[in-house]
Amino acid sequence: MLNSLISRRRLIATGTLASAGAALSKLAFGAAPADAKPTLGTVPAYLGSSPQTLPPLPYAENALEPVISARTIGFHYGKHHRAYFDNLHKLLAGTPLAQASLEQLIMQTHDQPNLSDVFNNAAQAWNHNFYWNSLSPVATQPSEKLQAAIVRKFGSVEALTKALVATSASQFGSGWGWLVVDQGELAVVKTSNAETPFTRGLAPLLTVDVWEHAYYLDYQNRRPDYLVATVSQHLNWAFASANLDRI
Ligand SMILES: [Fe+2]
């Protein structure tokens, strides 16, 4: 992996962002045609563009207590989330990809085993950006548009939150639970490890982190307790409503 990384960095350090994309494609697929179009930039418009920079937490580390402790968020944000950005910087320093957005990196590298190190760190950086904004210290309400979509698909907000807890709790190992829009309809899905729904055409509205580092200091093995408390008290429905409006 180290040799392939070094050769990849040598290749992409000598070109533009577009040719870097082509180089990455050739490495990943082995025999891309000479006129193959790089896929960097094929990011759904609703996602926007996130820099490879750790954003500030949208609230104080103790703002979600007692559901999520300041100690948990201190480690989760200050160590785990920061490490994904630090790893990306090490992988991509000195290459044109150092300027690519997280969304471009994710779309370019998903499902490419040779590039899993870039994908995992970019996707975990993005997922955590989204997670902090999916939580709110204060109570929020869905917009009329989101409320109507929830009632149409799940019957009620309570039924949706039960489905989100059940689906998230059932994720085997590390991963994420999500409220998404799938072909115009709301859906609850889960993803493994660093996987993120938008690589499959699903538009995320909210997420909950079910990696152990999200809850183990506070709840140990009681993942469902973390999920019930977090989903019932701290989901940011205003964030979900704004995401729905962008799709
Ligand atoms: Fe996490």
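With respect to Gln141, determine if the residue is away from the ligand (no atom under 16 Å from the Cβ), farther than 28 Å from Val43 by Cβ and surrounded by fewer than 19 Cβ atoms within 10 Å (Cβ to Cβ).
On the way: away from the ligand (no atom under 16 Å from the Cβ): yes; farther than 28 Å from Val43 by Cβ: yes; surrounded by fewer than 19 Cβ atoms within 10 Å (Cβ to Cβ): yes.
Yes.
For the range 200-215, the candidate set comprises residues that are under 12 Å from Leu135 (Cα atoms) and not charged (D, E, K, R); within that set, the residue that is farthest from the ligand (Cβ to nearest atom) is Leu205. Looking at Ala169, is it under 28 Å from Ser116 (Cβ atoms) and either away from the ligand (no atom under 13 Å from the Cβ) or of a type outside the set (Lys, Arg) (or both)? So Ala169 passes the test. The set of residues in the range 51-91 being part of a loop (DSSP other than H, G, I, E, B) and away from the ligand (no atom under 16 Å from the Cβ) consists of Pro51, Gln52, Thr53, Pro56, Tyr59, Ala60, Asn62, Ala63, Glu65, Pro66.
Run down Phe154, Phe130 and say which single residue is within 16 Å of the ligand (Cβ to nearest atom), at pLDDT 95 or above, surrounded by fewer than 24 Cβ atoms within 10 Å (Cβ to Cβ) and of a type in the set (Phe, Trp, Tyr).
The match here is Phe130.
Of the conditions (1) at pLDDT 90 or above; (2) not in a helix (DSSP H, G or I), Ala34 clears all except one; give me its number. Only one criterion in (1) at pLDDT 90 or above; (2) not in a helix (DSSP H, G or I) is unmet by Ala34, namely (1).
Going by the structure shown, is Gln124 outside the structural domain of Asn193 (by TED's automatic domain parsing) and within 16 Å of the ligand (Cβ to nearest atom)? Yes.
Going by what's in this entry, would Val118 be described as away from the ligand (no atom under 16 Å from the Cβ) and closer than 22 Å to Asp209 by Cβ? The answer is yes for Val118.
The values are calculated or read from the model by the stated rules, or taken from the named source; none is laboratory data. Keep in mind that this is a model prediction, so the values were computed, not measured. So basically every Cβ, Gly included, is an ideal-geometry build from the backbone, and we count neighbours across all protein chains shown.
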